[in-house]
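S.K.: I'd like to ask some things about the structure below.
Coordinate-derived values only; no laboratory data. Only a predicted model underlies this, so the values are computations on that prediction, with no experimental measurement involved. Cβ: placed from backbone, ideal geometry, glycine included. Neighbour counts: every protein chain shown.
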Amino acid sequence: MYRDCLSEPIKPSDIIIICAGYRTREVALHFGIYLPIFGDKHSVFHVQNRRPAMSHLPLIADLASGIYLRPEGTGYIVGFSGNSEGEANDLEPNWPSWDVVWQLLYHRFPTLFYEAKMVGGWAGYYDSYELDHNTIIDHRDGIYFTTGFTGRGLMHSPAVGLAMSQLVLGEKPLFELDSYRLDRLPRLEKYVI
Ligand SMILES: Cc1cc2nc3c(=O)[nH]c(=O)nc-3n(C[C@H](O)[C@H](O)[C@H](O)COP(=O)(O)OP(=O)(O)OC[C@H]3O[C@@H](n4cnc5c(N)ncnc54)[C@H](O)[C@@H]3O)c2cc1C
């Protein structure tokens with residue numbers, strides 16, 4: 001049955017978990033917790049070429065130039081650490097950077113990207129921890145939070161979900177979680193792609 005949520009007061013919960021991407025920062029501030037997380041806009045391009053995509057390829061990153069690619073449908077998706085734009089107000093992909101991205105792709109994979117055509121793209125915000133670009137899993141006074149995934153959160157999500165549930169239930173964590181505390185020493189991430 002339809003319930004008019006707005007007419008009922010919101011009951012405070014005993015346990016609060018904040019996992020709102022880079023906006024975890026502003027939600028946590030409501031509880032007096034400061035998280036030095038920033039939204040870093042990254043663009044991804046969809047690329048087609050004349051050859052069928054090599055669908056068996058894993059994600060490949062060229063850490064010297066900062067480009068990465070993986071097969072997607074009949075083409076590839078491609079990203080580039082060099083075209084991140086910080087906390088931009090819009091999520092329009094960084095189209096002008098395509099020329100540089102294409103040159104870097106061609107330099108490393110000339111046969112794959114000789115006749116590459118960019119056919120689309122999108123952008124989103126990485127949730128980046130100012131300290132070291134690594135994940136935070138921690139809590140303060142019954143408020144739990146996890147963020148700072150910097151472009152890797154989908155891959156980490158099963159482990160992070162498990163770790164967070166064990167933290168909330170007071171169970172012994174399967175993973176060592178000290179490295180993910182908010183007040184840890186930095187573990188500087190050399191490559192952010
Ligand atoms: C361009 C790009 C490429 C990426 N590529 C990869 C990749 O290849 N592999 C990988 O593992 N990861 C990748 N990532 C990272 C991955 O998308 C994130 O790490 C992951 O989505 C983080 O999950 P999350 O649930 O913590 O946050 P999000 O997915 O950001 O979800 C947060 C949710 O909170 C909601 N929210 C925000 N503010 C509030 C509020 N005030 N109140 C209520 N709800 C709110 C949002 O609407 C959103 O639904 C990429 C990210 C980007 C931007």
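S.K.: Do any residues in segment 65-93 that are under 17 Å from residue 48 (Cα atoms) and part of a strand (DSSP E or B) have Cβ atoms under 7 Å from those of residues that are among the charged types (D, E, K, R) and within 14 Å of the ligand (Cβ to nearest atom), where the two are at least six apart or on different chains, and which pairs are they?
M.R.: Correct list of pairs: 76/70; 77/70.
S.K.: Next question, about the same structure. So which pairs qualify, if the first residue must be in segment 137-160 and near the ligand (Cβ under 10 Å from one of its atoms), the second must be of a type in the set (Val, Ile, Thr) and in a loop (DSSP other than H, G, I, E, B), the Cβ gap must be under 6 Å, and the two must be at least 6 apart or on different chains?
M.R.: 148/135; 149/135; 150/192
S.K.: What's the total number of residues in segment 34-55 that are touching a residue at least 12 places away in the same chain (Cβ under 8 Å), part of a loop (DSSP other than H, G, I, E, B) and either more than 22 Å from residue 104 (Cβ to Cβ) or aliphatic (A, V, I, L, M) (or both)?
M.R.: Within segment 34-55, residues that are touching a residue at least 12 places away in the same chain (Cβ under 8 Å), part of a loop (DSSP other than H, G, I, E, B) and either more than 22 Å from residue 104 (Cβ to Cβ) or aliphatic (A, V, I, L, M) (or both) number 6.
S.K.: Would you check which residues across segment 49-63 are more than 11 Å from the ligand (Cβ to nearest atom) and closer than 29 Å to residue 89 by Cα and list them? Quick ask: steps written out before the conclusion?
M.R.: Filtering segment 49-63 for residues more than 11 Å from the ligand (Cβ to nearest atom) gives 49-58, 60, 62-63.
Answer for segment 49-63, where residues must be more than 11 Å from the ligand (Cβ to nearest atom) and closer than 29 Å to residue 89 by Cα: 62, 63.
S.K.: I'd like to know if segment 101-118 contains one or more residues that are exposed (fewer than 13 other Cβ atoms within 10 Å of the Cβ), of a type in the set (A, V, I, L, M) and farther than 21 Å from residue 42 by Cβ.
M.R.: Within segment 101-118, none of the residues are exposed (fewer than 13 other Cβ atoms within 10 Å of the Cβ), of a type in the set (A, V, I, L, M) and farther than 21 Å from residue 42 by Cβ.
S.K.: Moving on to the next point. For segment 164-189, how many residues are surrounded by 14 or more Cβ atoms within 10 Å (Cβ to Cβ), hydrophobic (A, V, I, L, M, F, W, C) and in contact with a helix residue (DSSP H, G or I) (Cβ under 8 Å, 6 or more places away or on another chain)?
M.R.: Going through segment 164-189 one residue at a time, the tally reaches 1.
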